[in-house]
Amino acid sequence: MKDFASYQGNNPAPKDNAEWMNEAKKLADSFHGKGEGELMKAIYDRAVEGKRNGTLTNEQIDAFYAQFSMMLDGAKRKKLQKIVEQLKRM
């Protein structure tokens, strides 16, 4: 998988946190040098898909936030937190 859009979701079973984190790290590498807007949209779109098809849990969303929020400044962390809150309400 090169990016969020190419993810096929061939495994219908929910992924565990380690699998999601591994996937997130690969995706983060694929977005190196791209704009914040592109990254945030890709995260949101992929997570919405995961919530809708049952492969993404609120616990996995929290784990993603915990892993990546420490790498962000305050403003970006707030943006990510808003996305996390929206996703968890789905």
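Since every read-out is calculated from the coordinates, none of them should be taken as a lab result. Because the structure is predicted, anything quoted here is derived from the model rather than measured. Cβ placement follows ideal geometry from the backbone for every residue including glycine, while neighbour counts extend to all protein chains displayed.
With a cut-off of 13 Å between beta carbons, the residues surrounding L72 carry a summed charge of +3, where Lys and Arg count +1 and Asp and Glu -1.
Close amide-amide hydrogen proximity is noted between L72 and no other residue 5 or more places distant or on a separate chain, at a cut-off under 5 Å (H modeled in the peptide plane; Pro and chain starts excluded).
Checking the a/c ratio against 1.5 first, then a/b against b/c, what shape does the Cα gyration tensor give for the stretch 46-87? Walk me through the numbers before you get to the answer.
On the way: a/c = 2.94, a/b = 1.95, b/c = 1.51.
Prolate.
On a full-extension model of 0.36 nm per residue, what is the gain between K88 and R52, subtracting their alpha-carbon distance, rounded to one decimal in nm?
Values: separation 36, 0.36 × 36 = 12.96 nm, distance 1.13 nm.
The span from K88 to R52 would gain 11.8 nm if fully extended.
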